[in-house]
Amino acid sequence: MSEKQKIIEIEVLRYHPEKDKEPHKQVFEVPFTDDMSVLQGVQYIKDYLDGSLSFRWSCRMAICGSCGMMINGEPSLSCQTFLRDYYPARVRVEALSHFPIERDLVINMEGFIEKLESIQPYIIPRETRTLAQGEYLQTPEQLDAYEQFSSCINCLLCYAACPQFGLNSNFIGPAATALLHRYNVDSRDGGKSQRMELINSEEGVFNCTAVGYCSEVCPKHVDPANAVNQNKTNSAADYFLRFLTPKGGAK
Amino acid sequence: METYKADVVIVGGGGAGLRAAIAVAESDPALRIALVSKVYPMRSHTVAAEGGSAGVKQATDSLEYHFNDTVHGGDWLCEQDVVEYFVAHCTEELTQLEHWGCPWSRTPDGHVNVRAFGGMKIERTWFAADKTGFHMLHTLFQTSIKYPSIKRFDEHFCVDLVVEDGRVQGVVAIEIASGELTLVEARSVVIATGGAGRVFRENTNGGVVTGDGMALAYRHGVPLRDMEFVQYHPTCMPGTGLLFTEACRGEGGFLVNKDGYRYLQDYGLGPAEPTPRNKAMELGPRDRLSQAFWYEQQKGRTIEGLHGSVVHLDLRHLGEAKLRERLPQIYELAEQFMGVDPAHAPIPVRPAVHYTMGGILVDGRCAAPLAGLYAAGECSSVGIHGANRLGSNSLSELLVFGKVAGVEAARFAKSVAPGNSASLLKQAQAVEQRVLGLKTKTGGSERIATLRKEMAQTMEDGCGIYRLAKTMQQTCDKLDELKARFRNVNLEDKSSVWNTEWLLAIELEYQLDVAQAMAYSAINRRESRGAHQRLDGFEARDDVNFLQHSQAHYVAGGPPRIDYGPVKITKSQPGTRAYGAAGEKAEQEERKASNV
Amino acid sequence: MNKRRPYVRPMDGWWRKNPFFVEYMVHEGTALFVAAYAAILLTGLVRLSQGEAAWNAWLSALKNPWYVGFHLLALAAIAYHTYTWFKIMPRTMPPVVVGGQRLPAWAITGSGLAVAAAASAALLGLVWGLVR
Amino acid sequence: MKQRTLKRSNAPIFWALFGAGGMLSALFGPMLVFITGIAVPLAVVLPADTMSYPHMLAFAQNIIGKGFIFAIIALFLWHAAHRIFHSLHDIGIHAGTGAKLLCYGLAMLGTLIAAYALLAIGF
Ligand SMILES: Cc1cc2nc3c(=O)[nH]c(=O)nc-3n(C[C@H](O)[C@H](O)[C@H](O)COP(=O)(O)OP(=O)(O)OC[C@H]3O[C@@H](n4cnc5c(N)ncnc54)[C@H](O)[C@@H]3O)c2cc1C
Ligand code: SF4
Ligand code: F3S
Ligand code: FES
């Protein structure tokens, strides 16, 4: 290592369920180069300083969604956040807020998975079509209507950003709503009325107070706040108009 | 230990595993499916695929063209009957994915759009911007939620297969969150655990791509086929190896050396036209492009960067608007990770390991030579890639053969009786003792990270773009040494909950086995073909001796035994693999000859 | 035996821990001024219904420097409410497509603020016109 | 998947009132405060008799004027009540039903008083 080798301090929130009563901080000194991500810093710690540090990661290119952490208090993908932006100050790394910590930087995300399963995240065809008939036609404009919401990588940064989810973990939350909305506005889908029940429920969109931080931190420009808030309008329409339509509820 | 009784267990929640699970569910809703994956399915590395997935779409295209491109691209080491089945089913499967909601990019009139890809004669690559794998994986995962018979074991790490009465009857997996083991009984098993690129140093693969399933089957006597063929992708980020998709070139990007010269024209890929025609220049196949880089480096015509030599991927002439529309992720990658704005500066790139052509030996119906065992996806060698895979064929492979594996595994499961639970459990308990032993043993002195780094370095040194007997031998020796040293490994972490150090150790053991299969297969192939190129007197293809598949067999405590199996040739006799103008000429002659 | 013991962190004081949340609490806090102002108007309305003397007493109470001071603060707070209301508007609306292009967020916020300015001017003009 | 029973939320009523009040206060709030709280008391910009009894009585007796006054007072109250209720929850005061009754109850009370006063003023 050359004498010019730069060292950065990384403070990690550690929690070991088999030993610790509650989380505590630990500081590591990590040699770094300007192109190193925070994830690479944390990997260095695991490889050379403390093999017991646990965290999730895989793709290193901001697409698999596993490496979300609180970095200096902001929900971020650690693989696309760079140490150079903090040096020479210390950088603080913690597990994503608002989720139970399983261990160190690993959160429990089973609740999110259940939410994802509950939104019926698949096409409920508006009209059936056989494979022999080929693809459904969908213009670039129709694609554009939902494409943004389909870009969610399930990284959960938006949940770590949303205080309303923190206060009430039953809230369906930003990403699941964005994905629900993605199917509702897909020109091939006809399942909106089935999905509205969840939107309308007490776990639904009205838990949101339009904080908007969810969209601010989203690394994929999904704008989940938009999906949530558009669905307040949809839900209100459903609420007031259900008395007008014979079958009860918007179609 | 807990036991779960399934009918079919699928190991791997990537594109191939999910497609297989859906196929089982659709073929018989009464079958109980266990989908075991060490990461949540949407984290699987299929998510990282950028460019697209091949399937004949245009009226001017034909199955025959796709067949020829694939077989020529694979340097004739393909199972031609399987390739025929493959090309005939790609489009149907891609359409199926469209019906399930995949946001394919569209033409203005609403049809699915296709783009050009390396080594493909006609545009036939379906794409969803430059996030094709991401969209395919999430579509499959979300669709799989529709089927109640699929029971997922997310974040369960498979540590062994359970084999009894000559057939596979289940798997043993660690629940990562608790460190507890589970036996999943099943009447058939599908392995879909992806590739093994991370045995190399610089690679495009995610951390989970460690060849686990290959090693599992291999240790139970199933040969690994064609493991010496490892694809280098020519345009990757120096240092990290992150990929700049081939679609960059499909959309018209140039590769230039330090003089700004499009050097590919010097390597039989010309002529250098302003928009590369299909199968020429930048749209040549990956093995050729990576080899050309190597020569440029030898000639001193590359640029020296912080992380080794680079050439430039120049996208500037495409303009910001088109780049943002067609290659948005690439744009962000270059900006965020490298500080390069591709609309205004060329991107420094170099080759990195990308894909394992070889894998678990299976027949055209995805069946391995162990009753009840099936494999699909990158971990398998069903025979369509030969010595070099064409870009965009593997995503289609996940769908076509994921489905075949599911259907066949379902059929097999119904044809046999459930096993003897008591004796399966006994086996599983032995497995438990073994894997817990790795964690709890004391007194070791080797660090996992050190062994892993040495393995990756030696693989790069010996099994890189060009290979020599001497360095390959060094690699083989080094791997033997590393396997010996692994026995002395030390784990700092003895705990149960989320003990990732333990998992890394198990993965490293898998990787060492797979790496050995690669290195020994490579040194034994004394010819040059596709991705396997030698510079030590075996520069030419040798169809007399080596138009054969290599097969690496596991030998406990020693290096693998390598033997060979026949290649199925149906319609396409081995010929010269030519690209660019030479390729077009060769094709014309071929056509003339067949017309006579 | 399962050794998992997920740790749930408390939420205490969350709104102090991130500048974004502080801003959120401030703009939510404008509601206090809206409420107080509505209460003042309501009192005025009741006084109006009680006859001229009552009304005039209310009117002159408004001249109290404390009241004027409060109204200055309320003006600032409610103006800030106006700003933040339109700032989050692009996040709450369906996309607006004009000529095949999505309207960018700043354009929506900008139009909202312009409409508010126009409404204010109209209100002032109307009052001016009615009483002159 | 866990089987749950979903209960329809009544939030749309309050949310709609909140939204309407928020929009109204964003559009007219600052200018109203300026007129009634600053310009008139200090007699700047507007004539001193702008809010004289005859003027205001006439305004409050006019059907459009009545509607305007009612909408401003009632919706401002509902808007504020909704936000304050949520902020109490935000800072950890989970008074639950009590807080809800208090916030929305006051808004309801204000609404009724406004309606009563406007009726008392007559047409
Ligand atoms: C960066 C990149 C870009 C690519 N772009 C393209 C492209 O444009 N076109 C194309 O055709 N191909 C492309 N490829 C290749 C293609 O994406 C892969 O070959 C393919 O996605 C592999 O899919 P799979 O389902 O076989 O495996 P994966 O998606 O890797 O899934 C493997 C699964 O197995 C599970 N698993 C592994 N080990 C275990 C274990 N021990 N226990 C339990 N579960 C386990 C994992 O959790 C995971 O779910 C690209 C590859 C890369 C790396
Ligand atoms: S909406 Fe954005 S922040 Fe939330 S999970 Fe999806 S990608 Fe992540
Ligand atoms: S942060 Fe939460 S409160 Fe709403 S706008 Fe986003 S979901
Ligand atoms: S490692 Fe995949 S998103 Fe960061």
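Values quoted throughout were computed directly from the atomic coordinates according to the rules given, and no laboratory measurement underlies them. No experiment lies behind these values; they were computed from the predicted model shown. Counting neighbours? That spans all protein chains shown, and the Cβs are built from the backbone with ideal geometry, glycine included.
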In nm², the average projected area of the convex hull spanned by the Cα atoms of the stretch A:110-241 is 8.5 nm²
The local net charge around A:H16, scoring Lys/Arg +1 and Asp/Glu -1 for residues other than A:H16 whose Cβ lies under 12 Å from its Cβ, equals +1
Over the stretch D:40-97 - Rg/Rh using Cα atoms and the Kirkwood inverse-distance radius = 1.25
Restricting to chain B, what percent of DSSP beta bridges are antiparallel, rounded to 5?
-> 65 percent
Share of Cα-Cα pairs in chain A beyond 24 Å, whole percent, is 54 percent
Average projection area in nm² (convex hull over Cα atoms of the stretch B:63-129, one quarter of hull surface) = 4.9 nm²
Taking r as the C-beta separation of B:Q473 and B:A556 and R0 as 22 Å, the FRET efficiency to the nearest 0.05 is 0.50
In whole Hz, the Karplus estimates of ³J(HN,Hα) for the stretch D:113-123 (6.51, -1.76, 1.60; θ = phi - 60°; x where Gly or Pro) are 4, 4, 4, 4, 4, 5, 5, 4, 5, x, 10
Please state the charge dipole magnitude for the stretch A:110-241, taken about the Cα centre, from unit charges on C-beta atoms (+1 on K and R, -1 on D and E), reported in debye and rounded to the nearest 20.
-> 80 debye
Of all DSSP beta bridges in the protein assembly as shown, what percent run antiparallel (nearest 5)?
-> 70 percent
Karplus ³J(HN,Hα) for the stretch C:17-28 (6.51 cos²θ - 1.76 cosθ + 1.60, θ = phi - 60°; Hz, whole; x = Gly/Pro) runs 8, 8, x, 4, 6, 4, 4, 4, 5, 4, 6, 5
Against the globular-protein guess of 2.2 N^0.38 Å, express the Cα radius of gyration of chain C as a ratio, rounded to two decimals.
-> 1.59
Given H placed 1.01 Å from N in the peptide plane, which residues other than close sequence neighbours of B:V162 have an amide H under 5 Å from its amide H?
-> B:Q169, B:G170, B:V171, B:V172
For residues of B:416-429, the mean tally of beta carbons on other chains within 10 Å = 0
Note the per residue figure in Å³ for the convex hull of the C-alpha positions in the stretch A:154-218.
-> 83 Å³
Cα-Cα pairs in the stretch B:14-64 separated by more than 13 Å, as a whole percent of all pairs, come to 69 percent
Expressed in µm² per second, the diffusion coefficient of the stretch A:2-42 from the Stokes-Einstein equation, with Rh the Kirkwood radius over alpha carbon pairs, at 25 °C and 0.890 mPa s, is 207 µm²/s
What one gets for the stretch A:1-125 as the Kirkwood radius, inverse of mean 1/r over different Cα pairs in Å, is 15.6 Å
Cα-based Rg and Dmax for the stretch B:429-542, in Å, come out at 17.1, 53
How many nm separate the modelled label positions at A:K25 and D:T97, each set 7 Å beyond the Cα in the direction of the Cβ?
-> 4.4 nm
Kirkwood Rh in Å, taken over the protein assembly as shown so that all alpha-carbon pairs contribute | 31.9 Å
In degrees between 0 and 90, to the nearest 10, how far off the longest principal axis of chain B does helix B:132-144 point, with axes built from Cα atoms?
-> 30 degrees
Work through the residues other than C:V34 whose Cβ is under 14 Å from its Cβ and net out their charges, Lys, Arg +1 and Asp, Glu -1.
-> 0
Residue mean of other protein chain beta carbons inside 10 Å, A:130-138 | 6
Given 20 °C and 1.002 mPa s, how large is the Stokes-Einstein diffusion coefficient of the stretch B:234-352 in µm²/s, with Rh as the Kirkwood radius over Cα pairs?
-> 153 µm²/s
Using alpha carbons only, how many degrees (0 to 90, rounded to 10) separate the axis of helix C:52-61 from the longest principal axis of chain C?
-> 50 degrees
For chain B, divide the Cα radius of gyration by the Kirkwood radius and give the resulting Rg/Rh value with two decimals.
-> 0.95
Per-q log10 I(q)/I(0), the stretch A:114-169, q = 0.20, 0.22 Å⁻¹ (Debye; single scatterer per alpha-carbon; no solvent) | -0.98, -1.07
For the stretch D:15-121, what Kirkwood radius comes out of the mean inverse Cα-Cα distance, in Å?
-> 15.4 Å
Restraint check, B:K258/B:K453; A:K46/B:K38; B:K121/B:K571, Cα-Cα greater than 21 Å | B:K258/B:K453
For A:T33, B:T356, what's the fewest-to-most ordering of other Cβ within 10 Å of each Cβ?
-> A:T33, B:T356
Across the residues of C:14-24, average count of Cβ atoms on other protein chains within 10 Å?
-> 5
Degrees, to the nearest 10: D:11-32 long Cα axis against longest axis of chain D = 30 degrees
Could you give me the ³J(HN,Hα) list for the stretch C:76-81, computed from phi with Karplus coefficients 6.51, -1.76, 1.60 and θ = phi - 60°, whole Hz, x at Gly and Pro?
-> 4, 5, 6, 5, 5, 4
Using a 10 Å cut-off on Cβ atoms, rank the peptides B:309-315, A:9-15 from the highest mean neighbour count down.
-> B:309-315, A:9-15
Total charge of the residues flanking B:E175 in space, meaning their Cβ is under 14 Å from its Cβ, with Lys and Arg +1 and Asp and Glu -1, is -1
